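The values are calculated or read from the model by the stated rules, or taken from the named source; none is laboratory data. Keep in mind the model is a prediction, meaning the values are calculated, not measured. Cβ placement follows ideal geometry from the backbone for every residue including glycine, while neighbour counts extend to all protein chains displayed. Accessible surface is based on the protein model in full, side chains and every heavy atom, while ligands, DNA and RNA are left aside. Shrake-Rupley method; radii C 1.70, N 1.55, O 1.52, S 1.80 Å.
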Amino acid sequence: MRYGARFNTGALILAAALSIGATGVARAQNPPPGPIEISVDATHAPQRILHAKLQFPVRTGPLTLYYPKWMPADHSPDGPIPNLAGLKFSAGGKEIPWHQDLVDMYAFNLDIPQGVSTLDASLDFLISAPGPTIDFSASGSAKLFILMWNQVVLYPKGWPAHELTFNPALTLPQGWKFNTSLPVASQSGNGVTFLPVPLDLLIDSPVQSGEFTRVYQLNPGAKPSHEVDVASDDAWALDISPDLIEHYKRLVAEAGALYQSHHYRDYHFLLTLSDNVLPLGQEHHESSDDRVAEHTLVDPNGRMREAGLFPHEFSHSWNGQYRRPEGLATADFQQPMKGELLWVYEGLTEYLGTLLSARSGLLTPQQTRDYIALTASTTDHRAGRQWRSLQNTANAAQMLYFSPPEWSSYRRSVDFYPEAVLIWLEVDATIRKLTSDHKSMDDFCHAFYAPPDGEPEIKTYTFDDLVATLNQVAPNDWRSFLRERLDSTAATAPLGGITGGGWKLVYTDEPNEFLAAGEAESGGGDFTASIGLRVRGDGMVVDSIPGMPAFESGVSPFLKIVGVNGRQFSVDELRRAIRDSKSSSSAVEIVAMNTGTLEKHEIRYQGGSRYPHLERVDGSTDYLGEILKPLTPVGVH
Ligand SMILES: [Zn+2]
């Protein structure tokens, strides 16, 4: 998963018949019930409401129905139950009362009367609009809508999700088209029925729909097929430039060369270009739900900032979906997940996604190096790394995903994305060094995500399995190597991959391309490496890093900067003041509003502008250059 840059004012981008065991499910005595009917009426989606009807085969006696709680792509118990409304049950036209469990808000208890074998349910789902917090109900506008089946589904307690079969049907607003990886059974007018599908694959298969849609084939005529399905609020946004489509084609070719397998029947990039839905990237076995602001692909800054979105979500089909940590492969949507291996599920995906962004030309080598430098700088300036290990950020993912950006340096955030990029880079460089560049993380990928190809499947793994595969590629004490970096509470980030790759992290007054693009997009300022401050365009302090000059002068999150060196605040004014600090003997003077009180702060800093970059280490082998090189010839797919 990735959340859109809209929520990040700073540098950090958070930027089937699945064959898993029934761990944790108290299995009912009976075989699973017959197929459950679900039909969703989305004709009122533009009015921000969905209607759904479900029909369950039932037996007399107590019945518990669940609303999905733990969402696999979110690794969190965040099923949007507050937006469930209009819940009613009946049998033979007679209403049956329900009671929400007093402890588990996601459980509904019913008593099925004698003689009843079919239970009818109707419910509504309320679509909201994107706000300052992560809201998965914000998935529709006047012109488009992304159906996430978990929002409208209930399922009976007692069986693993893959043993419950659903017969899905969907009615769309007149004239709207749709795209999904779900196989279609039949279509008539604005109604569509899908082939029967197990519950886990249903929830793994969103449907994108809208008035304005367009399909781009990435490997025409080949199997499995890969396509970009675009939906947007305006027709103009559907035209993706041919050079970008060319990079997406190369992405498919490069991923094929890296993973040498596929665990999907066909693959759909469900790309939604809209300012009216929650921006995100959500991975699935056979598709990804990729949502960015409408202008993203025509704005050079937006295009660069989001270059990693497809490579990240596509990589998840192998890393996260096919191969999934044991603690995240739960049998249904109510069992708690354990995030301890998220530095692999998400962190390795971020690393492999970065490689693929470079190899497919979505990022230039220079942009990729600036991205890595920025990642290194951001994680190196986490004040919280001395109390919270990287491992703990993974363990606490379900909490940190939803923590605000304020105080993120001292609290730490979901740092297992960016910091794991540095760790996996070091693994890659180390393998290359140990084997005189004969082996690399590419070989790890061949082994770890190996065929058989075909339909979605989950193969779980543990930390030990990971270490064993690394040892297969290049024998080393990988257990200690990883544990040292994961459990460390050292003040500095692991930068060994950068130096091992033949480069070093330096700070200069030259802008970092990636950081500058982020600032241009958000309107904010990122002065992490100079005075330790991130600020929004209106002067609100997002983060102030303990131990760095801004914080030590008394500036903290939630203050609003209104003046800089006697001038009215603007990001440019602050940027100039920091730049000029080098040739000035006086402090940078800040006037800030603190809950209605005006305060003066003197930031003692004379280091000038400081932006992170990678610089070649003379005489060393450029393993990083090797890592970023395409595996397939450019121009051939
Ligand atoms: Zn992800």
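One line per residue, one yes/no per condition, for (1) of a type outside the set (Val, Ile, Thr); (2) open to solvent by less than 40 Å² (accessible area, probe 1.4 Å); (3) modelled with pLDDT of 95 or more:
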| site | (1), (2), (3) |
| --- | --- |
| Thr60 | no, no, yes |
| Leu63 | yes, yes, yes |
| Tyr66 | yes, yes, yes |
| Pro80 | yes, yes, yes |
| Met105 | yes, no, yes |
| Thr118 | no, no, yes |
| Phe125 | yes, yes, yes |
Open item on the list: I'd like the full set of residues that are among the β-branched types (Val, Ile, Thr) and open to solvent by less than 10 Å² (accessible area, probe 1.4 Å), limited to the stretch 376-395.
Closed with: Thr379, Thr393
Task: Scan of the stretch 321-360 for residues that are of a type in the set (D, E, K, R), within 15 Å of the ligand (Cβ to nearest atom) and touching a strand residue (DSSP E or B) at 6+ places or on another chain (Cβ under 8 Å), ordered by number - done: Arg323, Arg324
- [ ] Answer yes if at least one residue in the stretch 131-138 is within 16 Å of the ligand (Cβ to nearest atom), under 23 Å from Glu313 (Cβ atoms) and in a loop (DSSP other than H, G, I, E, B), and no otherwise.
- [x] yes
TODO: Evaluate the stretch 373-384: report whether one residue or more is within 16 Å of the ligand (Cβ to nearest atom) and not in a loop (DSSP other than H, G, I, E, B).
DONE: yes
Task: Subset of the stretch 242-258 [over 13 Å from Leu356 (Cβ atoms) and open to solvent by less than 40 Å² (accessible area, probe 1.4 Å)] - done: Leu244, Ile245
- [ ] Could you tell me whether the stretch 267-278 includes any residue that is within 16 Å of the ligand (Cβ to nearest atom) and either over 24 Å from Val634 (Cβ atoms) or open to solvent by 10 Å² or more (accessible area, probe 1.4 Å) (or both)?
- [x] yes
- [ ] Would you list the helices (runs of 4 or more DSSP H) that sit entirely within the stretch 396-451 and hold 3 or more residues that are open to solvent by less than 30 Å² (accessible area, probe 1.4 Å)?
- [x] 418-434, 441-448
- [ ] Among the candidates Arg485, Arg534, single out the residue that is among the charged types (D, E, K, R), closer than 30 Å to Glu626 by Cα and modelled with pLDDT of 95 or more.
- [x] Arg485
TODO: Name the single residue, out of those in the stretch 204-222 being assigned to a loop (DSSP other than H, G, I, E, B) and more than 23 Å from His247 (Cα to Cα), that is most open to solvent (accessible area, probe 1.4 Å).
DONE: Glu211
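Residue check: is Arg250 of a type in the set (D, E, K, R), more than 16 Å from the ligand (Cβ to nearest atom), more than 28 Å from Tyr401 (Cβ to Cβ) and in a loop (DSSP other than H, G, I, E, B)? Talk me through it step by step, then tell me what you get.
On the way: of a type in the set (D, E, K, R): yes; more than 16 Å from the ligand (Cβ to nearest atom): yes; more than 28 Å from Tyr401 (Cβ to Cβ): yes; in a loop (DSSP other than H, G, I, E, B): no.
No, not satisfied.
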TODO: For Asp509, indicate whether it is within 34 Å of the chain's Cα centre (by Cα) and not aliphatic (A, V, I, L, M).
DONE: yes
